[in-house]
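Encoded as structure tokens, the structure appears first; notes follow it.
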Amino acid sequence: MRNIFLPILFIFFFSYSTYAKKSPVDYVNPYMGNISHLLKPTYPTVHLPNGMLRIYPQRGDHTESYIHGLPIIVVNHRENCCFNLSAFQGYESQLSPVIRTDYDNEQIMPYYYKSDIDNQQIKAEFTPTYRAAIYRLTYTQNKPGYLILNSGNGEMEIEGNSIKGYQNTWGNTRVYIYLETDIIPSKSGILKDKKLNTAQTKTSGDNSCAVFCFDGQTQINARYGISFISIEQAKKNLQNEIPDFNFDKTKNNGRKIWNEALGKIEVKGGTENDKTVFYTSLYRCYERPVNISEDGYYYCASDRKVHKDDGHAYYTDDWLWDTYRATHPLRILIDADVENDILVSFIRAAELSEKQWFPTFPAITGDSRRMNCNHGVATIADAWEKGLRNFDLKKAYEYTRKGIEEKTLAPWSSGDAGWLDRFYKENGYIPALAPGEKETVPEVNGFEKRQPIPVTLGTAYDQWCLSRIAAALNKKDESEYYLKCSYNYRNVFNPQTSFFHPKDKNGNFIEPFDYRFSGGIGARDYYAENNGWTYRWDVQHNIGDLVNLMGGAEKFSENLDQTFSEWLGRNKYEFYAQLPDQTGNVGQFSMANEPSLHIPYLYNYAGKPWKTQKRIRDLVHQWFRNDVMGVPGDEDGGGLSSFVVFSMMGFYPVTPGSPSYNIGSPFFNEIKIKLSNGKTFCIIGKYCSEENKYIQSAKLNGKVWEKPWFSHDDIKNGGKLEFIMGDKHNTEWGSDMNNVPPSALPYPKN
């Protein structure tokens, strides 16, 4: 018997020890969501946390059989790639600016990329630092090996075993590069019209290509640095971060950095798939914004100049319309110093801009002013309310106020305030056009339209955030003014239907009206990307008042139930032809778009938190999975992923700007969050499993806890939140309406 069990025991302990050694970064699957349902997919990005240098394979989509050379840097995430490196083995007559090749055996980790360039029989490996990277290229054929560096549109110059130059990109921004190989090329030159001129060492214009040829070499290491300041700075970045050609050392250091970042949240228990979804989502929260400080200096697209960073790293490339909701609140918990520097960066971007408006979609190439409203103000209010103090609140208030008061509220516009804005100030809502009525306001985008309901609701929320900041600055009159403005959502609430319903300039509701389909493509004539069912709940700052408007907690809860059960109204082909952004549907609820993310938590405000617990568990497991279609919509650089991270930990910030968190349902038996101040906040889910998703009882810091929420003060110095979980919902826990999460003050009477 002993001889039979010894091998079994050996296999068991070997398997256990292998599993026990698994690090957080090993759970990351960059391929998760690379095939989208309808919109933009996720991208398998290789980078260090918030690093300036990011890449992903240059191909049309995940299923394309070819890569178009090797990537060098992504500038504005997912949209703009600069430079291209092609590895080629063959004959000079076959050279071209970009070599399109089939690929095989691709492997992507957050810190490492590998692919076999199949028809060339070249193995390509890549690993980055923050501002530099190194390729290791293994040539296997008995033919000359080539490297082709293409600037796209810029300048290239060869000096020995190095190539330096730049590429012009959007917004008059230049990306500079300095690349060198560990082996002196046997020959080099400039490629023009598919001919290699070895007598020429410099070129400029479209497809400016420098070429290195290596005879008889089996492996070449090519390291490079990038910069937004100068070629000299690109070279300095390379020398600072990759001082030699040791590929494996750079790779191992990248792995260490990722484990340190992801290890700030440690989970135990749960399934292997849950851990993969969790850590992959956390990895995606580090894609943006990016730190573009270089040796204490940074290039700012606001004024197109280089500035000192004065000890605060400069960050940009952040889609605030998406990330203010949960990505920024997550960073406050685990990377407060980074979050503070990000806010300082946005304040600087505003200060250096012509009109000093706080950014909405800050990018390396400039603020693109996308989407609607000015939700960057929420990041300021939320940070201040949660104790961040190392930024200038007075400047932040002034620039956020300017962005709301002086810039037009018309979506996707950087124009000055006009008639629409005057109307909003006088009447408290954005007027809608009747069907067929011609647009006469020049600042309104022809495709994006007025979006009157989300702009009214979103601006009311932004003004609530302004009122919080004004109060912190002891600006009592301004605080009271913006607080009153924050109730403007009431002006478009239809008490007959309990929906937010567009009104014309005369104060009449648009009729006839369908809350699913009125409004054209993306419902933009009246809503934005989502229909009226999503925007029915878009009062983040005052859910308590929304409960009252709908007739009380029971009716509010029934309306929530109906949102998750109301059928699409058309077949899927017709529904998504009009509303392609509103994917991940459960009834009319859309798991794929950020304005929906807080909705499952709203049962907490109606005394029915067990319904939140059920919805959160079901939604995450239905729509976020460890496969190539495992993300239901446009991820937006942490916009959706931060919802997953928070929800799987068991809580969520429904109202950025309020130092409070709604409780959901933890996915793991134990979650340890290493807070920014070095303390640890621990969440225990005793008996937690896929079935045991309902909270039976809770304790917070040793005290019995009956509230479906807790404050930032409760956890800011660490602590422990303990849940007893079960497979049947407990209708008593958290049900007292006196314990609902906080909302704004009651409606002002004067």
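Observations
- Residue selected from the stretch 239-266 under the condition in a helix (DSSP H, G or I) and of a type in the set (A, V, I, L, M), by the criterion nearest to residue 156 (Cα to Cα): 257
- Residues considered: 689, 711, 697. Of these, the only one that is of a type in the set (S, T, N, Q), within 15 Å of residue 610 (Cβ to Cβ), surrounded by fewer than 21 Cβ atoms within 10 Å (Cβ to Cβ) and assigned by TED's automatic domain parsing to the domain that holds residue 331 is 697.
- For the criterion of being part of a loop (DSSP other than H, G, I, E, B), within 30 Å of residue 554 (Cβ to Cβ), charged (D, E, K, R) and in the same structural domain as residue 603 (by TED's automatic domain parsing), residue 728 passes.
- Scanning the stretch 576-594 for residues that are assigned to a helix (DSSP H, G or I) and free of Cβ contacts under 8 Å to residues at least 24 places away in the same chain turns up just one, 577.
- Being farther than 28 Å from residue 652 by Cβ and either β-branched (Val, Ile, Thr) or in the same structural domain as residue 448 (by TED's automatic domain parsing) (or both) is a condition met by no residue of the stretch 543-564.
- Among residues of the stretch 120-144 that are assigned by TED's automatic domain parsing to the domain that holds residue 86, those with a beta-carbon under 6 Å from a residue that is assigned to a strand (DSSP E or B) and of a type in the set (Lys, Arg) at least six positions away or on a different chain give the pairs 125/114; 125/136; 134/223; 138/123.
- Just one of the listed residues (51, 60) is outside the structural domain of residue 313 (by TED's automatic domain parsing), in a loop (DSSP other than H, G, I, E, B) and either without any contact (Cβ under 8 Å) to a residue 40 or more places away in the chain or among the acidic types (Asp, Glu) (or both), namely 60.
- Selected residue (criterion: surrounded by the fewest Cβ atoms within 10 Å (Cβ to Cβ)) from residues of the stretch 114-134 that are touching an Asp or Glu at 6+ places or on another chain (Cβ under 7 Å) and part of a strand (DSSP E or B): 114
- Selected residue [under 30 Å from residue 332 (Cβ atoms), in contact with a Ser or Thr (Cβ under 6 Å, 6 or more places away or on another chain) and in the same structural domain as residue 321 (by TED's automatic domain parsing)] from 389, 369, 401: 369
For (1) at pLDDT 95 or above; (2) under 17 Å from residue 277 (Cβ atoms); (3) within 22 Å of the chain's Cα centre (by Cα); (4) assigned to a loop (DSSP other than H, G, I, E, B), each residue gets a yes or a no:
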{"position": "635", "(1), (2), (3), (4)": "no, yes, yes, yes"}
{"position": "642", "(1), (2), (3), (4)": "yes, yes, yes, no"}
{"position": "668", "(1), (2), (3), (4)": "yes, yes, no, yes"}
{"position": "681", "(1), (2), (3), (4)": "yes, no, no, no"}
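Condition check ((1) assigned to a helix (DSSP H, G or I); (2) of a type in the set (D, E, K, R); (3) surrounded by fewer than 22 Cβ atoms within 10 Å (Cβ to Cβ); (4) at positive phi) across all residues:
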residue: 439; (1), (2), (3), (4): no, yes, yes, no
residue: 448; (1), (2), (3), (4): no, yes, yes, no
residue: 461; (1), (2), (3), (4): yes, no, no, no
residue: 464; (1), (2), (3), (4): yes, no, no, no
residue: 469; (1), (2), (3), (4): yes, no, no, no
residue: 478; (1), (2), (3), (4): yes, yes, yes, no
residue: 481; (1), (2), (3), (4): yes, no, yes, no
residue: 490; (1), (2), (3), (4): yes, yes, yes, no
residue: 505; (1), (2), (3), (4): no, yes, yes, no
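- Wholly enclosed strands (runs of 3 or more DSSP E) of the stretch 149-238 bearing at least 2 residues surrounded by 17 or more Cβ atoms within 10 Å (Cβ to Cβ) and in the same structural domain as residue 53 (by TED's automatic domain parsing): 153-159, 162-168, 174-181, 187-192, 209-214, 219-227
- Selected residue (only one of 720, 699, 749, 707 is basic (Lys, Arg), at pLDDT 95 or above and part of a loop (DSSP other than H, G, I, E, B)): 707
- From the options 625, 617, residue that is of a type in the set (D, E, K, R) and either over 26 Å from residue 553 (Cα atoms) or in contact with a strand residue (DSSP E or B) (Cβ under 7 Å, 6 or more places away or on another chain) (or both): 625
- Hey, residue 44 in a loop (DSSP other than H, G, I, E, B) and touching a strand residue (DSSP E or B) at 6+ places or on another chain (Cβ under 8 Å) or not: yes
- Failed criterion for residue 495 (all others in (1) touching a residue at least 24 places away in the same chain (Cβ under 8 Å); (2) over 26 Å from residue 578 (Cα atoms); (3) surrounded by fewer than 19 Cβ atoms within 10 Å (Cβ to Cβ); (4) in contact with a helix residue (DSSP H, G or I) (Cβ under 7 Å, 6 or more places away or on another chain) hold): (4)
The values are calculated or read from the model by the stated rules, or taken from the named source; none is laboratory data. In this text, all values refer to a predicted model and were calculated from it rather than measured experimentally. Reconstructed Cβ throughout: ideal geometry from the backbone, glycine too, with neighbour counts over all protein chains shown.
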